[in-house]
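For reference, the structure discussed in these notes is given below.
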């Protein structure tokens, strides 16, 4: 999306008669704070976990925050210089995109009540109703499999890695003990799952999304442009969807009785690079719904981002690289828009307002029972960031 120099932030549009009412969870990338905002775009609650920079958060029904992020006391290694050998795996993963060091469960007051520490964590997680947790871990592949993987490029002057980095899907019990593990690279086919030729030959799959429906494990693999279902009973991939229908996608989720919704970033696509939201029926591979902007070039996020299906069948879209969150109806009509005013810094010092994802929770969500959600408690913070209804278009 293109931006004006004087880009407005906060709530910019609200067709209040057609929105799905609730509170939206905002986790600015690299931030020490997480925010809950109301339909007027005002902060009603914050979490500020100690010594922790959040990448991605979800609000549990019990009111606790499940947050994936990095211990702020742990630095990142300097990248290797051209011609240097690949860093040792334990160091190499710490400079990869969305790398985390810990998954924390944080109560409403900001205290940690559960934690799973692991330097290989990244991107996404899924907590089931019975307390199990699925996480993604970076994993080092064998030299033999690395040699068979096709695609990717090695920059001039660099040395090709002897071992590519893949992904493991790990299942934890309520105590954080491992009870299941799937090495995803063992289910992929080097002849079919080709590493994007415009990506560096460093990671093969780069998993960035998990969803779970019973024994069906839904995964998004960015670097091979693939969304797949892994059946844990059959121990096999039972469905895959990919290139050229999607390109470097994120956040595949189950919706509407087994259909799959995908945020298609459109990066490195054979057509013009535009983003869209797809709904696909795995039974037929038929595309059953699509959202694109009009004109379509006005909606593009080259990486991160997500889309949440709401109970009224509208979709909350997170255009991650611009920090824009907006709600669209099935007709494609936009009914709500909020733009992230919180600026943080990437590891290289560049300013950003990125959002990995955003989530809307209905007014009747159990987490809100008995909670004080009066925005006046954060009046000074809301004023400081210009958050409120002033300047927004209302219908």
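The values are calculated or read from the model by the stated rules, or taken from the named source; none is laboratory data. Nothing here was measured: the structure is a model prediction, and the numbers come from that model. A quick note on method: Cβ atoms are made from the backbone with ideal geometry, for glycine too, and the neighbour counts reach across all protein chains shown.
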- Task: Would you check which residues across region 79-100 are modelled with pLDDT of 80 or more and exposed (fewer than 11 other Cβ atoms within 10 Å of the Cβ) and list them?
- Result: 85, 88
- Item | Evaluation of residue 57 against (1) under 18 Å from the mean Cα position of the chain (by Cα); (2) surrounded by 18 or more Cβ atoms within 10 Å (Cβ to Cβ); (3) over 30 Å from residue 12 (Cβ atoms) (one fails), failing number | (3)
- Of all residues in region 35-54, which are surrounded by 23 or more Cβ atoms within 10 Å (Cβ to Cβ) and free of Cβ contacts under 8 Å to residues at least 40 places away in the same chain? 54
- Scanning region 209-227 residue by residue, the ones that are crowded, with 20+ Cβ neighbours inside 10 Å, in a strand (DSSP E or B) and out of contact with any helix residue (DSSP H, G or I) (no Cβ under 9 Å at 6 or more places or on another chain) total 8
- Does any residue of region 169-176 turn out to be surrounded by fewer than 14 Cβ atoms within 10 Å (Cβ to Cβ) and under 24 Å from residue 347 (Cβ atoms)? no
- Message: Among the listed residues 133, 112, identify the single one that is surrounded by fewer than 18 Cβ atoms within 10 Å (Cβ to Cβ) and in contact (Cβ under 8 Å) with a residue 24 or more places away in the chain.
- Response: 112
- Message: Quick check on this structure: which one of 355, 387 is crowded, with 20+ Cβ neighbours inside 10 Å, at negative phi and over 21 Å from the mean Cα position of the chain (by Cα)?
- Response: 387
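Considering 287, 279, which residue is under 19 Å from the mean Cα position of the chain (by Cα) and either assigned to a strand (DSSP E or B) or at positive phi (or both)?
279
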- Item | Subset of region 72-93 that is outside any loop (DSSP other than H, G, I, E, B) and touching a strand residue (DSSP E or B) at 6+ places or on another chain (Cβ under 9 Å) - its residue that is nearest to residue 136 (Cα to Cα) | 93
- Task: Select the strands (runs of 3 or more DSSP E) contained entirely in region 294-383, then report the ones holding at least 3 residues which are touching a residue at least 40 places away in the same chain (Cβ under 8 Å) and under 20 Å from residue 48 (Cα atoms).
- Result: 355-362
- Those residues that are more than 27 Å from residue 128 (Cβ to Cβ), buried (at least 19 other Cβ atoms within 10 Å of the Cβ) and in contact with a strand residue (DSSP E or B) (Cβ under 6 Å, 6 or more places away or on another chain), I need them from region 266-299; list them, please. 276, 291
- Query: Does residue 123 satisfy the condition of being surrounded by 14 or more Cβ atoms within 10 Å (Cβ to Cβ) and in a strand (DSSP E or B)?
  - Reply: yes
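Given the residues 266, 257, which is the only one that is free of Cβ contacts under 8 Å to residues at least 40 places away in the same chain and either farther than 28 Å from residue 29 by Cβ or in contact with a helix residue (DSSP H, G or I) (Cβ under 7 Å, 6 or more places away or on another chain) (or both)?
Only one candidate qualifies: 257.
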- Does residue 69 satisfy being in a strand (DSSP E or B), touching a strand residue (DSSP E or B) at 6+ places or on another chain (Cβ under 8 Å) and closer than 30 Å to residue 337 by Cβ? yes
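Would you check which residues across region 239-254 are assigned to a strand (DSSP E or B) and farther than 15 Å from residue 192 by Cβ and list them?
250, 251, 252, 253, 254
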- Give, as residue ranges, the strands (runs of 3 or more DSSP E) completely inside region 137-194 that count at least 2 residues that are within 23 Å of residue 80 (Cβ to Cβ). 151-153, 165-172
- Note on the structure: Quick count over region 203-221, residues being under 24 Å from residue 93 (Cα atoms) and free of Cβ contacts under 8 Å to residues at least 60 places away in the same chain, is 5
